[in-house]
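Peer 1: Quick one: structure below, then a few questions.
Only the coordinates and a few stated rules stand behind these numbers; no lab work does. All values derive from a computational prediction rather than experimental measurement. Cβ: placed from backbone, ideal geometry, glycine included. Neighbour counts: every protein chain shown.
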Amino acid sequence: MTEIAIVTGSSGMVGSEAVEFLLGQGFYVHGVDNDMRSVYFGEQASTVWNEQRMTQTYDSYSHHSVDIRDRANMERLFKTYGKDTKLIVHSAAQPSHDWAAEQAMTDFTVNANGTLVLLELARLHCPDAVFIYMSTNKVYGDRPNSFPFVEEETRWELESKHPYYAHGIDESMSIDECMHSLFGVSKLSGDLMVQEFGRYFGMKTACFRAGCLTGSAHSGTEMHGFLSYLMMCTMKKTSYKVYGYQGKQVRDNIHSSDTVSALYQFYKRPGVGKVYNLGGGRHSNCSVLEAIRMCEEISGNKLNWEYVDTARAGDHIWWISDVTRFKTDYPEWDYKYTLQQTLQEIHDGLRKRI
């Protein structure tokens, strides 16, 4: 019998990457996505184009336009397909700091309550399935901002004697006594619940605390989708705002393909209540200034950008993920995309859509 996977946020960047990868592995995939991204960020952020593309392309894909908070409709899905479901990839989320601050109730119900709905339905209908939650490095809050930094020409860099300098930030860093943003809190609530369902009920669950997830399927906007939105503005010659830290704040960036291949390694050999930092690490990272330069070089356009001398609340000055724990547990996994390759693919993908 064909194995079934359920993917939430299936029309988004990581979700659609997961759908197509799992189809290639022989799964029948049920995607859940009601285009909330257009509600959060407007029509330009809609993922309907991706939903239609996959529905028209793949016979082994079924789309369900259901809100993950809608327990009754989600339960119908799990009752119908749960007994054959082997994998749940939960990538649906409200992903923006700024939006969460304006709409705290919606943010929390999507990120926390929606995750609880999925966990409970999985426990009731497919308790042996692997449950993977796309978490975020924002669960650590702004604690990294207290680190000792050195200002370089194009970036902030950690002092070389700091224990996180060589490989980045690992999973042992405290999540307490710092500012998370309301988005960080709602995602952390889901994160802890996923861990708890694993440990308390013995379910095979994992939280992947991601850095900047990126790729050509990203419907980037100002509030979310750093590299995609930056490349879009550069290509369209529209204005772009840089918020705080002289534009030298550093992010690690991981292609959605590398992300999904990591998730699949966990599926093949799952654990219980696992937590992994997952990002570009020292392999793939850049400051905003460095990303602007790369986008200009790839597109051939000059970006029209302005500097706002106020950083977003809870924003990181520097984040590079230490992926040592995951690579130790799954040594067969490694990166395939460099940052340059990722940006080139984003450019080529946008050229077909804008």
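Peer 1: Please give me the summed charge of the neighbours of residue 109: other residues whose Cβ is under 14 Å from its Cβ, Lys and Arg +1, Asp and Glu -1.
Peer 2: So the surrounding residues net to 0.
Peer 1: Dipole size in debye (nearest 20) for the range 4-353 around its Cα centre, Lys and Arg Cβ +1, Asp and Glu Cβ -1?
Peer 2: In total the dipole reaches around 660 debye.
Peer 1: Right, here's the next one. Simple spin-label model, 7 Å along Cα-to-Cβ: residue 151 to residue 123 in nm?
Peer 2: The two pseudo-label positions are separated by 5.0 nm.
Peer 1: Can I ask one more? Report the label-to-label distance for residue 241 and residue 159 in nanometres (one decimal), using points 7 Å from each Cα along the Cα→Cβ vector.
Peer 2: 3.4
Peer 1: Karplus couplings for the range 21-31 from phi (6.51 cos²θ - 1.76 cosθ + 1.60, θ = phi - 60°), rounded to Hz, Gly and Pro as x?
Peer 2: Each residue's phi maps through the Karplus curve to give 5, 5, 4, x, 8, x, 6, 9, 10, 9, x Hz.
Peer 1: Hey, got a sec? Which trypsin sites (Lys or Arg not before Pro) in the range 165-261 land in a DSSP loop and have at most 16 other Cβ atoms within 10 Å?
Peer 2: Hits after loop and neighbour filter: 237.
Peer 1: On C-alpha positions alone, give me the angle between the axis of helix 181-201 and the longest principal axis of the chain, in degrees, nearest 10.
Peer 2: Taking the Cα atoms of the chain, the angle to 181-201 is about 40 degrees.
Peer 1: Let me have the 222 nm mean residue ellipticity of the chain computed from DSSP H runs of 4+ only, each contributing -39500 (n - 2.57), with the sum over all residues rounded to the nearest 500.
Peer 2: Using -39500 (n - 2.57) per qualifying helix, the result is -12000 deg cm²/dmol.
Peer 1: If all Cα-Cα distances of the range 4-353 are sorted into 20 Å bins from 0 onward, what percent lands in each bin, rounded to whole numbers?
Peer 2: 32, 61, 8
Peer 1: Next question. Can you list the residues, at least 5 places off or on another chain, whose amide H is less than 5 Å from the amide H of residue 320, using H built in the peptide plane?
Peer 2: Answer set, sorted by chain and number: 169.
Peer 1: Can you give me the relative contact order of the chain as a percent, contacts being Cα pairs under 8 Å and 6 or more apart?
Peer 2: For the chain, the relative contact order is 19 percent.
Peer 1: In sequence order, what are the phi-derived ³J(HN,Hα) couplings for the range 48-56 according to the Karplus relation 6.51 cos²θ - 1.76 cosθ + 1.60 with θ = phi - 60°, rounded to whole Hz, with x for glycine and proline?
Peer 2: With coefficients 6.51, -1.76 and 1.60, one gets 4, 4, 6, 4, 5, 4, 6, 4, 6 Hz.
Peer 1: Kindly list the residues of the range 82-117 that lie in the label zone of residue 353, defined by a backbone N under 19 Å from the point 7 Å along the Cα-to-C-beta vector.
Peer 2: Output list for this probe position: 91-96.
Peer 1: Using the Cα centre as the reference, give the magnitude of the dipole from point charges on the C-beta atoms of the range 51-193 (Lys, Arg: +1; Asp, Glu: -1; all else neutral), rounded to the nearest 20 debye.
Peer 2: Rounded to the nearest 20 debye, it is 760 debye.
Peer 1: Put +1 on the Cβ of each Lys and Arg and -1 on the Cβ of each Asp and Glu in the chain; which of 7, 247, 93 then has its Cα farthest toward the positive end of the dipole?
Peer 2: Farthest along the dipole direction, towards plus: 7.
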